[in-house]
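Right, one structure below, let's go through it.
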Amino acid sequence: MNREGQGDDIIIASNLVKTFPGPVRALDDFSVTVRRGEVLVIVGPSGSGKSTFLRCLNGLEEVDSGTIIIDGLPLDDNEKHRLEIRREVGMVFQSFNLFPHLNVLENVSLAQRLVRGKSRARAREFSMELLARVGLADKAASFPAELSGGQQQRVAIARALAMMPRVMLFDEATSALDPEMIGEVLDVMRQLAEDGMTMVVVTHEMGFALEVSDRVLFMEQGRVIEEGAPEQFFNTPARARTRAFLRQIL
């Protein structure tokens, strides 16, 4: 998907190694760069390291070795750097993680006031703009339990956008949804892509990957097996392992 405004590398991940007890090598000398305004979709079998990579990007997991630089800022032991990166990198998970005791408007407004220091009125105004953007302005006073799964995930996207991030990470954002609810979340993600948001998306939605991504990356055992433009990746993959994976899921 060609969009204007793509430029320099905003994410540079170099030679990442991440192990878990077992030993499991979730990331094995993994390197990737993402351009500003690019939509990178990451696919691969379960346990291939996709979600671990996203969690490392915003500091939820620590790498054993390697470097991560986001918009010129290294993700290192400097706590100021880590806090800045967490403010600038929004993440949407499989589970919605909304506060059940807060209504939709409060869920979207809270971090703006606590982290960005906005007044209640400014946070409320911006939150309503974001809820309108995801098609949920009429649900501002509702509580999470009163919403469908698709609606809750759209609120989670609005909450992440409320921090005005430079990068959005999506970790299987539709996998917990009923099939009829997936489309409404993908529609919001498509709009973000069209608006030029830098996005790294882990998903099994191959139609979305073909339509919206600028580049598709296939991971297995913590490594990059193949990457390329979506048309090339899906129609003429170079690696036998990629072809076998696509046969199983398409």
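The values are calculated or read from the model by the stated rules, or taken from the named source; none is laboratory data. Quick caveat, the model's predicted, so the values are computed rather than measured. Cβ atoms come from the backbone with ideal geometry, glycine included; neighbour counts cover every protein chain shown. Heavy atoms of the whole protein, side chains included, go into the accessibility calculation; ligands, DNA and RNA do not. Shrake-Rupley method; radii C 1.70, N 1.55, O 1.52, S 1.80 Å.
Name the residue, out of 71, 29, that is surrounded by fewer than 15 Cβ atoms within 10 Å (Cβ to Cβ), at positive phi and in contact (Cβ under 8 Å) with a residue 12 or more places away in the chain.
Numbers: 71 fails: surrounded by fewer than 15 Cβ atoms within 10 Å (Cβ to Cβ).
Within the list 71, 29, the selection yields 29.
Of all residues in the stretch 200-226, which are surrounded by fewer than 19 Cβ atoms within 10 Å (Cβ to Cβ), in a strand (DSSP E or B) and in contact with a Leu (Cβ under 7 Å, 6 or more places away or on another chain)?
224
Just for the stretch 1-26: of the residues that are under 17 Å from residue 65 (Cα atoms) and exposed (fewer than 15 other Cβ atoms within 10 Å of the Cβ), which one is modelled with the lowest pLDDT? Give the steps one after another, and end with the answer.
Filtering the stretch 1-26 for residues under 17 Å from residue 65 (Cα atoms) gives 11-21, 23-26.
In the following step, the residues that additionally are exposed (fewer than 15 other Cβ atoms within 10 Å of the Cβ) were identified as 14-15, 20-21, 23-24.
Values: 14: 97, 15: 98, 20: 92, 21: 88, 23: 79, 24: 84.
Only one residue fits best here, namely 23.
Given the stretch 1-114, what helices (runs of 4 or more DSSP H) lie entirely inside it while holding 1 or more residues that are more than 15 Å from the chain's Cα centre (by Cα)?
Because the criterion is at least 1 residues that are more than 15 Å from the chain's Cα centre (by Cα), the helices (runs of 4 or more DSSP H) in the stretch 1-114 that meet it are 79-88, 104-114.
Filter the stretch 173-199 down to residues that are among the polar types (S, T, N, Q) and surrounded by fewer than 16 Cβ atoms within 10 Å (Cβ to Cβ), then give me how many there are. Steps first, please.
The first filter runs over the stretch 173-199 and keeps only residues among the polar types (S, T, N, Q), leaving 174-175, 191, 198.
Cutting the leftovers down to surrounded by fewer than 16 Cβ atoms within 10 Å (Cβ to Cβ) gives us 175, 191.
Of the residues in the stretch 173-199, 2 are among the polar types (S, T, N, Q) and surrounded by fewer than 16 Cβ atoms within 10 Å (Cβ to Cβ).
For residues in the stretch 153-169 being of a type outside the set (A, V, I, L, M), under 20 Å from residue 125 (Cα atoms) and part of a helix (DSSP H, G or I), which is most open to solvent (accessible area, probe 1.4 Å)?
First pass over the stretch 153-169, keeping only residues of a type outside the set (A, V, I, L, M): 153-154, 159, 165-166.
Applying the additional criterion that residues be under 20 Å from residue 125 (Cα atoms) yields 154, 159, 165.
Filter again for part of a helix (DSSP H, G or I), leaving 154, 159.
Working: 154: 31, 159: 52 Å².
By that ranking, first place goes to 159.
For the subset of the stretch 236-250 comprising residues that are modelled with pLDDT of 95 or more and not hydrophobic (A, V, I, L, M, F, W, C), which member is least open to solvent (accessible area, probe 1.4 Å)?
242
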